[in-house]
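Notes for the one structure printed next.
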Amino acid sequence: MDRTAHDRINILITDAGSYLGNRLIKHLLKNNYTVYGSGKLHPSEEVLNHNRFTLIELDLAQPLPAHLPNFDLIFHLTDLSQAHSALLSSLPAPTTNLINMGRDGKSRVFIITPIRLSSQLIDDFEDSNHNNGNIHLFLTGDLYGPQMPLTSERDRVANTHENELSNLITQAVKTDKVI
């Protein structure tokens, strides 16, 4: 894809302030895409100051506001492992709304969630008759890497240090010891 083609593609990233969201946004911006981000946490200052990035406040349980552009690609970073049921029809409203945008052909939707999903829910995604090839499910394990915040996102929001794994990584980086 040439540089001018990127100018016509609008991308939405949910949970933009997460480690994965921030890294994904940086990669897309580096490749000259126009990126919009939403979420409880804000991405890095580098991302916020980029001229091709727009931070938007959205209630994904509601239809997207008319003033927003049509999003060609949506990367929905969410944890569906806590879904109340193992059925696609029981997903949270934000995920359902984004899936419907994919079904309507308005966007290609990539749902990125931890691997802890029920096999029934995974099968429902694969068997969905209304997918049209626009809805994709990606399962991830634990993600760690360069420039990862040394506290968990939950801890950053709550301003607490209750995440044991985060504490172990912080100890290893700061003190070269793990207790």
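The values are calculated or read from the model by the stated rules, or taken from the named source; none is laboratory data. Keep in mind it's a predicted model, so treat the numbers as computed, not measured. Here the Cβ is made from the backbone with ideal geometry for all residues, glycine too, and neighbour counts use every protein chain on show. Just so you know, the surface numbers come from the protein's heavy atoms only, side chains and all, with ligands and any DNA or RNA stripped out. Shrake-Rupley method; radii C 1.70, N 1.55, O 1.52, S 1.80 Å.
Here are the numbers for the structure shown:
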| quantity | calculated |
| --- | --- |
| Sequence-distant residues sharing a close amide H with residue 135 (under 5 Å, placed H) | 109 |
| Solvent accessible area, Å² - residue 135, 1.4 Å probe, full protein context | 20 |
| Theoretical FRET efficiency, 1/(1+(r/R0)^6), r = Cβ-Cβ of residue 48 and residue 122, R0 35 Å, to 0.05 | 0.50 |
| Anisotropy class of region 1-75 from Cα gyration tensor, a/c 1.5 cut | oblate |
